[in-house]
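Every number in this text was worked out from the coordinates using simple rules, so none of it is lab data. None of these values were measured; they are calculated from a predicted model. All Cβ positions, even for glycine, are placed from backbone atoms using ideal geometry, and neighbour counts span all protein chains on display.
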Amino acid sequence: MLRKIALFTVLILSISFSDWTKFCSDSFFNCSIFPIMALLTTVLLALMHMLATAISSPPLEAWVKTEMRELIAGFIIFIIVIGLAFGTNSLTFILTGKSDTDLSKEAITNLDKLLSHLRSPYESILKATHYIGLLSGYSYSYPVPLWYASYTYMDAPYSGLGPLSTFLHQAAQGLNNAIFLYTGLKVLLKFFTSDAFSITFLSVGLGFRVFPFTRQLGNTLIALWIGATILFPTSILIMSIMHDQVVGVNAAPKISNFNPMILKIPAGFGELCSNEWIRGFTATSEIGWGLIICLPLAITGVGFQVCWENVTEVVYPIATMAFQLAFGTLFLTQALTSSLNVEIIFRIIADFLEDVNVIIILSYIDSFVVAIITVVGTKSISTALGGEYYLVGLQRLV
């Protein structure tokens, strides 16, 4: 029996070493240590068998036979794990219906889709916050000039919209958390599918599995690799399917109509307020008006004093009163007849925030689903292989 097992081991190792370039690249750390550990284990068991025969020790001989069976089991696990590593496309086809698609790439595609769905609500929050801020800060005053005295009517009709900005800020924070969770899953997935992770966990785990004194650690490493590279992306695909079924058509909520939040400025007023020449001329006061209008008369020396008095004491006050009356009347008319409906604005924001809260809460549930499937599955596989069950570090991390 021992000769047959030894021959089987030599044949398997010859196959492994025959294409060593697939296991190694530039350094020993980039090599699969499985063939080396299997060879060392075979040599160790052969020596222990010789020693057991020489000293006639039935317990040692029974231990050697047990370890021989474990060595064969290690080769079987090696074949199964390699099959899992190259057979994930079938699992992807079962979950998504897409053929010839890599499991990890499909999981990353689904995470990118979830992240893209968060862009629309984020942009809507930024725009809504901008318009709400303008409305809540809008106020007007209507002066009624009475020559040297005046009466002023003031109002801020949309100041009550200010608290809406608080709710929008909270929604933006929730979206930040959702983006953080999905991005974290994406980064973890890229890390788990990297060559460095496979070398550290799969290669070392398979090698430790066939060695008698590190078998439990090897089984644990193999289970961690299966959990990280197979269960983790699978759980992401399952989570994505559940997510789509919950949100339906509201996967990317947004505010499609901002017109009720936009304050309309009467035609022509925008030009008067933004034109630098008009603003500069009206801001020069009566002295500036007098200098600009009467300066040509000062050069000729005729009528400057009369022009100065008429402009500064008559023309400028009348023009100021006319300007205030015209502007004030137009703005007051626009304010009193404004089509802005506060109730409509409240309803638009409330409906939007309700949809946003759904996807924010789902982001937490999605992360919990991925964590539960990955951790529970990894612990179960580790127990089935004979590894550790209480993965304290992983449980604390989750």
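Based on the mean of other beta carbon atoms within 10 Å per residue, what is the order of 54-63, 349-358, 75-84, 219-228, most packed first? Don't skip to the end; give the middle numbers.
Numbers: 54-63: 11.4, 349-358: 16.9, 75-84: 14.9, 219-228: 24.4.
The most tightly packed comes first, giving 219-228, 349-358, 75-84, 54-63.
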Under the Karplus relation 6.51 cos²θ - 1.76 cosθ + 1.60, θ = phi - 60°, what is the ordered set of whole-Hz ³J(HN,Hα) values for the range 192-205, x standing for Gly and Pro? 5, 8, 6, 5, 4, 5, 5, 5, 5, 9, 6, 4, 5, x
In order over the range 362-370: 3J(HN,Hα) from phi, Karplus 6.51/-1.76/1.60, θ = phi - 60°, whole Hz, x for each Gly or Pro, gives 5, 4, 5, 5, 4, 5, 5, 4, 4
Karplus (6.51, -1.76, 1.60) ³J(HN,Hα), θ = phi - 60°, over the range 173-179, in Hz, Gly and Pro reported as x: 5, x, 5, 4, 5, 5, 4
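So how much slack lies between Val246 and Gln305, counting 0.36 nm per residue of separation and subtracting their Cα-Cα distance, in nm?
Working: separation 59, 0.36 × 59 = 21.24 nm, distance 8.19 nm.
Here the answer is 13.0 nm.
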